Structure formats: structure tokens, C-alpha cells
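**Student:** Shown below is the structure under consideration.
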Amino acid sequence: MKPHWQAWLATALEEGPAAHGWTEDQRWTLPRIAVLVARRFHVRFSPSQLSRILHEMGFSVQVPVHRAVERDLQAVERWTAEVWPEVEKAVREQDAWLVFEDEAGQSLRPPKARTWSCRGRAPVVKVTGKGSGRVSLAGLVCTRPRDPRARLIYRMLVHTGRKGERKGFREDDYAALLDAAHHQLGGNIVLVWDNATQHKDAVMRELIEARSAWLTVFRLPPYTPDLNPAEGVWAHLKKSLANLAACTIRQLAAKARTRLKKMQYRPDLLNGFIRETGLIFTSP
């Protein structure tokens, strides 16, 4: 393929399939790329030829990152350019901990993962068919510029399906978690979290106001889990729980607690989750 053809093709692939008429899904496949090239240059390449050309151009087959269509890219850019410097300023002026909060949940039916099996024989992992029971988690990823050791603080609720049992965290649970973090970290907290209803309703506003002496709150723009390192914690946890054949919700909770405890002793891993967000402290 000629160099100027490759340059055009690289630009076209970066634009995405929807820009070229494939709106049903957002995957580039070799047959689609072959049609794209044929439309432009009236030349038909075989799948093997295209695969070789794409590898030479620096492309490879990858698992895509999913992002909500409701995501406002301009709002994300404004937040990164305007709000994030304010977060940095508050952390430095108060010598505070920067704390990212998020919640997650896991039922007895684990996410799928890969496993080895004989070719032609689909592997079977036995899991419970019961739908009752859920583990709810709320976590804080904590860091500050002068302390290289990131921290993970979490709370867990186990819902066994009994009548009257709480199925999720409430405003007083978040307040208790923040109080525990304030006591454990021993300093002011600059909190960054999403726009969930329990984070911004009247009850939560009152609880935050009562802690204003040591707590400053910023909210992330909507649909931006990639800006929250706590999402990395949940992804790592769920990957480790994949294909786990827990028989009871108590067993699942024990396994999740063990894995979170191990992460607490891996500040390098937590720092990696923070770096993945791209929210890096600038030099003062």
C-alpha cells in the first residue's frame, strides 16, 4: 500500500466506523476496512494483506474501552482545565489528602473470564443459580503530593435477602466512612466523587456542611468513571473474582474482603490506578 494511502487510512480508522456509515456497532473489522479501502482507491485487499498492512502501520486488534454516549467531552475538558487545578490548589493549601470515592457491587454470579480447556470443548464453570444476595462496596483511594504511599479505605455491606435488610449505602454510611478516613489519615480531606443522588441530596449536603472544617468536596462531570481511580480498584477486584464458584454470599464477601486487604498493602498498584486517570499533580 502506498504511503499516502496509509496516511489516509490511519486518519479514517481514527474517525471510527460510524463516520463511514457503520452505525450498528463501533468495531473495525478486516472486511469493513477492505470495503473502506475499495471505496476510496478502487483496490480490493485480502484479509491477510490488510492484517499485514495494519500491523506495519502500528495498528493491532484490541479490546475497546466502552464509554457512555451521554458523555459530554467538552464538559470533561472544562473540568480537567478548570476544576482540577482548583482541586490541586485546595490539596496544597490545606496540606490535605486527595480522596476519590466510588461504589460497586457483586452478586453470586461472577463476571466471565478466560480459562484453559481442550480445543473444541467449551469449559463449564459451576456457579450458583440462586439470585439472592449481594455485596455492596464503598471505597476511598487516598493520596497526597508529599506522600508516595497511596491508601485504600473501604466499607462493605452484605445483603443476604432478608426482609428489612439494607441493600446499599445511605448518606449516614458515607459520612461514617469519611469520618473514619479523617481519623485514619489524620488530616484534612479534599473529596472527589460523582453525581449520584446520595452524594448531593439535602441530607448529604447537611452532613458535608457539618464537616466543612476538614472536608472540601468536588464533583466529577457525569459519565466519567475513567477519571476515578476507585474504578480501577473495582475492576481489579472483579477480575480476581471471575469464575469464582462461591456457594454463599458470605463466602463471596470473605473472598472480596481478602482481595481488598491485599490491595491495601500494594500502594504501587493504587498509584497505578491514579496514574491511569491522567490526573497528575503539577509541580508547585
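The values are calculated or read from the model by the stated rules, or taken from the named source; none is laboratory data. Owing to the predicted nature of the structure, the values given are computational and were not obtained by experimental measurement. All Cβ positions, even for glycine, are placed from backbone atoms using ideal geometry, and neighbour counts span all protein chains on display. Only protein heavy atoms, including side chains, enter the accessible area calculation; ligands, DNA and RNA are left aside. Shrake-Rupley method; radii C 1.70, N 1.55, O 1.52, S 1.80 Å.
**Student:** Just a yes or no: is a residue in the range 15-27 open to solvent by 40 Å² or more (accessible area, probe 1.4 Å), farther than 29 Å from residue 226 by Cα and not hydrophobic (A, V, I, L, M, F, W, C)?
**Tutor:** no
**Student:** Then there's this: Any chance you could count how many residues in the range 140-163 are assigned to a strand (DSSP E or B) and small (Gly, Ala, Ser)?
**Tutor:** Matching residues across the range 140-163 total 1.
**Student:** While we're here: Exactly one of these conditions fails for residue 195: (1) modelled with pLDDT under 95; (2) farther than 23 Å from residue 227 by Cα. Give me its number.
**Tutor:** (2)
**Student:** OK, next. Mind listing just one residue for me: the one in the range 156-182 that is without any contact (Cβ under 8 Å) to a residue 24 or more places away in the chain and surrounded by fewer than 18 Cβ atoms within 10 Å (Cβ to Cβ) and, of those, nearest to residue 272 (Cα to Cα)?
**Tutor:** Residue satisfying both the conditions and the ranking: 176.
**Student:** For the range 188-226, name all the residues that are touching a helix residue (DSSP H, G or I) at 6+ places or on another chain (Cβ under 7 Å), open to solvent by 10 Å² or more (accessible area, probe 1.4 Å) and part of a helix (DSSP H, G or I).
**Tutor:** Residues satisfying the conditions are 198, 203, 207, 225, 226.
**Student:** Still on this model: What pairs come out if I take residues in the range 258-271 that are on the phi < 0 side of the Ramachandran plot and pair them with residues that are among the polar types (S, T, N, Q) and open to solvent by 30 Å² or more (accessible area, probe 1.4 Å) whose C-beta lies under 8 Å away, six or more apart or interchain?
**Tutor:** Filtered contacts from the range 258-271: 259/240.
**Student:** Looking at 244, 220, 185, which is the one that is in contact with a Cys (Cβ under 8 Å, 6 or more places away or on another chain) and in contact (Cβ under 8 Å) with a residue 40 or more places away in the chain?
**Tutor:** 185
**Student:** Ok, one more. Just the residues that are part of a helix (DSSP H, G or I) and out of contact with any Lys or Arg (no Cβ under 9 Å at 6 or more places or on another chain), please, taken from the range 227-241.
**Tutor:** Initial filter on the range 227-241 (part of a helix (DSSP H, G or I)): 227, 229-241.
The answer is 227, 230, 231, 232, 233, 234, 235, 238, 239.
**Student:** Moving to a separate point now. Determine which single condition residue 111 fails, assuming it passes every other condition in (1) modelled with pLDDT of 90 or more; (2) surrounded by 11 or more Cβ atoms within 10 Å (Cβ to Cβ).
**Tutor:** (1)
**Student:** Can I ask one more? Pairs under 9 Å by beta carbon, first residue over 15 Å from residue 52 (Cα atoms) in the range 1-18, partner in a helix (DSSP H, G or I) and open to solvent by 50 Å² or more (accessible area, probe 1.4 Å), six or more apart or different chains?
**Tutor:** Every condition considered, the pairs that remain are 8/40; 12/19; 12/40.
**Student:** If you check 144, 149, which single one turns out to be at pLDDT 85 or above and open to solvent by less than 70 Å² (accessible area, probe 1.4 Å)?
**Tutor:** That would be 144, the only listed residue that is at pLDDT 85 or above and open to solvent by less than 70 Å² (accessible area, probe 1.4 Å).
**Student:** For the range 227-257, give me each residue that is closer than 24 Å to residue 180 by Cα, over 13 Å from the mean Cα position of the chain (by Cα) and open to solvent by less than 70 Å² (accessible area, probe 1.4 Å).
**Tutor:** 253, 254, 256
**Student:** Also, I was wondering about something else. So which pairs qualify, if the first residue must be in the range 45-59 and assigned to a helix (DSSP H, G or I), the second must be open to solvent by 40 Å² or more (accessible area, probe 1.4 Å), the Cβ gap must be under 7 Å, and the two must be at least 6 apart or on different chains?
**Tutor:** Close Cβ pairs (under 7 Å, with a partner that is open to solvent by 40 Å² or more (accessible area, probe 1.4 Å)) amount to 47/30; 50/30; 51/30; 53/1.
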